[in-house]
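Each remark here refers to the structure printed beneath this line.
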Amino acid sequence: MKRLVAGELILSFVPSAEQRLWRTVMRTKYQLRCNQVQLQNRLEALLEEAHLKLSSLVSDLLGLSGRRMLTAIAEGETDAAAVAARADYRLRATPEELCDALGACGEIHPVYRRLLQRALEEWQRTEAQITQLSQEMATLLAAHQEQVQRLAEVPGLGVDSGQQILAEVGASAATFPSAKALSSWVGVCPGEEESAGVNHNRRSPKGNRYLRHILNQSANAAVKLKGSIFAVLYSRYVVRFGHNHTIAVIAHRLCRLIWKILHQGVRYEERGPAVHQKSMQRRTARMIRQLRDLGYRIELTKPSAPVPA
């Protein structure tokens with residue numbers, strides 16, 4: 001009690017009731033996404049056991065082409081050519097390669113077909129639940145549409161990532177007095193374990209694992225945008241630090257940028273040397289489409305001079 005009165009204790013961050021509701025929705029959605037990944041891994045193991053080598057040609061088994069072909073197999077199709085014909089024409093694998101990978105579908109045991117059908121139904125139920133939670137979150141954050149849009153403009157982030165960030169730190173990150181405080185709370189800053197002026201351990205502290213996961217995932221996506229400042233920083237640091245350490249550096253920068261966008265109300269301005277205009281237009285159109293699907297109202301206006309972030 002004496003230490004509390006003396007101000008020596010740091011109180012824990014307790015969000016408001018409204019923000020706790022946001023967290024519940026988004027963390028439930030995150031867990032469903034994890035369940036989908038586990039389901040996809042089990043599905044791939046099931047296909048390998050049934051001697052179907054589809055995963056060697058289709059990167060996403062539960063994508064459009066993958067689901068079409070798996071549905072045909074689950075429904076009892078035995079002709080490999082007929083199953084391969086279900087694939088989308090944009091799939092890189094040729095029909096001959098698909099037929100070779102699906103050659104065992106004519107001899108597959110009926111139990112495997114039933115297990116495959118059950119896995120597909122489970123994936124569809126989970127996807128429907130995720131869609132419902134997305135709509136719920138869009139309704140809850142209707143008053144904070146502008147913040148979601150400003151976050152979605154940052155390379156590596158999107159509408160879903162913006163909603164998750166708001167759920168974890170609040171609509172304006174008002175609890176955190178500085179970007180440094182937010183980075184420390186998230187756990188994406190270098191650690192400090194000093195003795196006699198020497199830092200013996202720079203391992204990042206434990207923080208909010210949900211937001212740290214979002215930042216690491218976003219950093220991996222941001223460095224792939226050619227010509228962006230994050231791609232430039234990645235190419236500069238990766239030779240010296242390696243991939244994992246460089247991604248941690250990018251995640252730290254993203255965290256500080258997020259605080260500035262939410263706390264100061266600024267917009268992101270790309271400082272990269274050569275961002276491809278068509279790439280930016282496609283990304284903007286995709287972001288607007290996602291916002292409209294969630295029920296947000298988007299009005300396109302002439303771009304004004306952004307405030308540097």
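Values quoted throughout were computed directly from the atomic coordinates according to the rules given, and no laboratory measurement underlies them. Nothing here was measured: the structure is a model prediction, and the numbers come from that model. Note that we place each Cβ from the backbone using ideal geometry, even for glycine, and neighbour counts take in every protein chain shown.
Dipole magnitude for the chain: about 1220 debye, using +1 per Lys or Arg Cβ and -1 per Asp or Glu Cβ, origin at the Cα centre.
Can you figure out the FRET efficiency of THR131 with LYS2, using R₀ = 51 Å and their beta-carbon distance, to the nearest 0.05? Here the calculated transfer efficiency is 0.45.
Relative contact order for the stretch 17-138: 34 percent, from Cα pairs under 8 Å spaced at least 6 residues apart, divided by residue count. Modelled spin labels at GLU122 and ASP100, positioned 7 Å past Cα toward Cβ, are 3.2 nm from each other.
Note on the stretch 17-138: semi-axes of the ellipsoid equivalent to its C-alpha gyration tensor, largest first and rounded to whole Å, are 33, 15, 11. Think of the chain as having a plus end and a minus end, set by charges on the Cβ of Lys, Arg, Asp and Glu; of GLY66, PRO110, GLY242, GLY242 sits farthest toward the positive end of this dipole.
When the Gaussian network model of the chain links Cα atoms closer than 10 Å, the mean-square fluctuations of SER161, SER184, SER59 top out at SER59. Shown is the FRET efficiency for ALA85 and GLU299, computed with R0 = 25 Å from the Cβ-Cβ distance and rounded to the nearest 0.05: 0.05. 3J(HN,Hα) along the stretch 87-98: 5, 5, 5, 7, 5, 5, 5, 7, x, 5, 5, 5 Hz, from the Karplus curve 6.51 cos²θ - 1.76 cosθ + 1.60 with θ = phi - 60°, whole Hz, x for Gly and Pro. Each principal axis of the Cα cloud of the chain was taken in turn, and the coordinate range along them, longest first, works out to 75, 52, 44 Å. Rounded, prolate or oblate: which fits the stretch 86-132, taking a ≥ b ≥ c as square roots of the Cα gyration tensor eigenvalues, rounded meaning a/c under 1.5, else prolate when a/b beats b/c? Cα axes put the stretch 86-132 in the oblate bin. Backbone N atoms of the stretch 50-86 closer than 17 Å to the 7 Å Cα→Cβ label point of ARG92 belong to residues 54-66. Comparing Cα centroids, the stretch 108-159 and the stretch 207-266 end up 24 angstrom apart. Taking the number of Cβ atoms within 10 Å of each Cβ as an exposure proxy, the fewest-first ranking of LYS226, LYS29 is LYS226, LYS29.
Just flag the chymotrypsin sites (Phe, Trp or Tyr not before Pro) in the stretch 51-131 sitting in loop per DSSP whose Cβ has no more than 11 other Cβ atoms within 10 Å. Here the chymotrypsin sites (Phe, Trp or Tyr not before Pro) that fit, given the DSSP loop and packing criteria, are TYR89.
For the stretch 59-119, the equivalent ellipsoid built from the Cα gyration tensor has semi-axes of 18, 13, 8 Å, listed from largest to smallest. Helix 159-169 and the longest principal axis of the Cα set of the chain meet at an angle near 40°.
Cβ-to-Cβ counts within 10 Å put CYS99, CYS255, CYS189, CYS34 in ascending order as CYS34, CYS99, CYS189, CYS255, the fewest first.
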